[in-house]
Amino acid sequence: MDEQRTKDDRTQIARHLKQIEQREADLYKAVSEDSIGQTDLLSYLAALSNALEELRVTESALYQQNEQLSSIRETLENEYRHYQDLFEFAPDAYVVTDAYGEIQEANQAASELLSLDPKYLVGRLLVSFVPEDHQRVFRSLLSQLQTLDRIQERELKLLAKNQKSFDAALTVSVVKDCQDKAIALRWLVRDITARKQMEQQLQQMQLQNLELVECDRLKSQFIATMSHELRTPMNAILGFSNLLLRQFHSRFEPQQLRMVERIFQNGQQLLTLIEDILDFSKLRSRQLELQLESFDLCELVTTLLEELRTQKNQKNIEIQVHLAQSSLMVANDRKRVRQILANLLSNALKFTDQGRVTIEVELWRDDRVAIAVRDTGIGIADSDLSRIFQEFWQVNQTITRCHGGTGLGLAITKSLADLMNGQISVVSQLDQGSTFLVELPRHLTDLHTPTKKPD
Ligand code: ADP
């Protein structure tokens with residue numbers, strides 16, 4: 001807009017000047033021809049006075065235009081200084097080159113990055129900061145820039161004047177003339193050495209991670225195979241010792257009988273341990289599959305308690321059961337639900353010397369079942385509660401050693417509950433007792449398909 005106005009003003013002034021020149025020429029001609037009469041002279045003088053007036057107007061217009069021009073120049077200079085400051089003090093390195101890569105301008109950050117004063121940078125070829133074995137790539141980049149408008153984040157090695165080489169990311173925008181010919185290149189240069197190192201470290205870690213996953217897989221496979229191999233002879237030992245106890249006990253001396261009993265009991269403990277390790281390794285490698293069936297949870301709890309009452313209740317602990325309804329049909333893996341409850345109940349009995357162990361079963365919101373196992377035993381300190389479900393974690397090695405156990409029971413229990421889309425939690429107070437609460441879907445349909453562990 002302003003530019004157009006200034007142009008119009010200038011044309012008008014030029015026209016005025018031309019008119020005045022013309023009048024002055026006419027007057028001069030008339031006076032020099034000597035044929036000028038008084039009337040003519042007067043009219044010429046009036047014209048001259050008009051011309052002078054117009055000259056004055058033109059002069060004042062010129063003055064105004066001059067004022068405008070200097071104000072425009074001042075604004076332009078301010079803007080130039082502003083952009084020069086931005087360029088100069090930008091945190092990133094900026095370099096301006098001609099189309100062949102000869103440096104014309106470089107800011108402070110560029111001078112620091114290339115380790116050379118800006119005034120020595122100007123006139124150098126940018127390629128002189130590229131290590132020899134990367135110069136071919138750089139030259140091909142330059143030739144691409146003749147046809148492109150911009151190149152985003154091209155990575156290249158650069159070599160500073162102090163011989164320090166570094167990884168750089170180059171972003172280049174091309175300045176073109178009206179014939180679309182590249183006349184200048186604006187380079188944004190970023191030192192990405194740290195990023196590259198991180199990427200390398202990440203790659204190494206991913207590689208190590210893969211190796212660890214493979215080791216873990218091999219370990220799980222080894223455990224599974226070993227446990228399987230151990231189970232077969234253990235079953236034979238248990239089967240035969242049980243047979244000796246039941247069919248031939250009358251033929252044994254009391255001491256011999258005690259020895260066979262110990263073989264049988266220790267064999268059972270060992271088998272439980274082997275089964276736990278096998279389950280645990282299957283759960284960890286996500287290879288444990290649930291076998292869904294429909295069964296009565298109340299009936300399962302009652303049967304389990306009867307077994308425990310006869311087997312374990314030598315400490316004279318009262319075992320109570322509260323079933324909210326007489327029968328509660330669920331769809332789940334019966335064997336694995338039994339395993340969860342057996343783990344919790346045997347812990348409750350193991351860590352309670354007097355008082356009660358209670359199991360409660362109820363239905364929640366029609367689609368979830370809640371099972372609580374409470375005891376009045378030794379309890380668990382707050383500081384140990386968060387680690388209670390970790391594998392091989394036992395609160396007090398001395399107590400647990402005399403009670404037996406491996407520290408796998410709760411880890412297996414929690415993994416099973418997770419597999420069943422359920423939850424397990426615990427509330428406990430030292431010397432007061434503990435409550436373990438398991439919440440499971442009533443009808444388990446959406447089964448986790450066993451998959452490989454995530455890498
Ligand atoms: P284990 O019983 O074989 O040692 P678990 O994983 O079943 O392994 O239990 C881990 C530890 O948690 C136990 O060693 C014990 O210290 C603690 N714990 C589990 N249940 C109870 C309980 N009902 N009362 C007190 N402590 C318990």
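The values are calculated or read from the model by the stated rules, or taken from the named source; none is laboratory data. Fair warning: this is a prediction, and the values are worked out from it, not measured in the lab. No Cβ is skipped: glycine too gets one built from the backbone with ideal geometry, and neighbour counts run over all protein chains shown. The area values use the complete protein model at the heavy-atom level, side chains included, leaving out ligands, DNA and RNA. Shrake-Rupley method; radii C 1.70, N 1.55, O 1.52, S 1.80 Å.
Of note:
- For the chain, relative contact order (Cα pairs under 8 Å, six or more residues apart, normalised by length) works out to 9 percent.
- Estimated distance in nm for a label pair at Thr11 and Ser173, the labels positioned 7 Å out from Cα along Cα-to-Cβ: 3.5 nm
- Helix 334-350 axis, angle to the chain major axis (alpha carbon atoms, nearest 10°): 70 degrees
- Sequence of Phe392, Phe295 from largest to smallest accessible area, 1.4 Å probe: Phe392, Phe295
- Measuring r between the beta carbons of Gln152 and Asp296 and using R0 = 60 Å, the FRET efficiency lands at 0.35.
- The chain, helix-only ellipticity at 222 nm - DSSP H runs n ≥ 4, -39,500 (n - 2.57), divided by all residues, nearest 500: -18500 deg cm²/dmol
- 1.4 Å probe accessible area per residue over the chain, in Å²: 64 Å²
- Solvent-accessible area of Cys178 with every protein chain in place, 1.4 Å probe, in Å² to the nearest 10: 130 Å²
- Projecting label points 7 angstrom from Cα along Cα→Cβ for Arg81 and Met329 puts them 9.0 nm apart.
- Too-long pairs where the Cα-Cα distance tops 27 Å, listed order kept, from Lys161/Lys181; Lys119/Lys176; Lys196/Lys219; Lys282/Lys315: Lys161/Lys181; Lys196/Lys219; Lys282/Lys315
- Principal axes of the chain: Cα extent on each, largest first, Å: 170, 58, 39
- Unit charges at the beta carbon, dipole of the range 291-441: most positive-side option, Ser327, Leu341, Ala372: Leu341
- What a 1.4 Å probe finds exposed on the range 177-265 is 58% carbon and sulfur by accessible area, rounded to a whole percent.
- Rounded if a/c under 1.5, otherwise prolate or oblate - the range 231-360, Cα gyration tensor axes: oblate
- Here's the picture: charge each Lys and Arg Cβ at +1 and each Asp and Glu Cβ at -1 in the range 158-217, and of Leu188, Cys178, Val213 the one pushed furthest to the positive end of that dipole is Cys178.
- Rolling a 1.4 angstrom probe over the range 55-173 with all protein chains present gives an accessible area of which 52% lies on carbon and sulfur atoms.
- Largest-first ordering by accessible area, 1.4 Å probe, given options Lys315, Lys350: Lys315, Lys350
- The listed peptides 362-369, 260-267, ordered by packing as a protection proxy, come out as 260-267, 362-369 (highest mean of other Cβ atoms within 10 Å first).
- Most to least packed among 118-129, 151-162, 208-219 [average Cβ atoms within 10 Å]: 118-129, 151-162, 208-219
- Charging the Cβ of each Asp and Glu at -1 and of each Lys and Arg at +1, and nothing else, the dipole of the chain about its Cα centre rounds to 3100 debye.
- Global geometry of the range 32-96, whether rounded, prolate or oblate, following the gyration tensor of its Cα atoms and the 1.5 cut on a/c: prolate
- Among Val427, Val130, the sequence by solvent-accessible area, most first, with a 1.4 Å probe is Val427, Val130.
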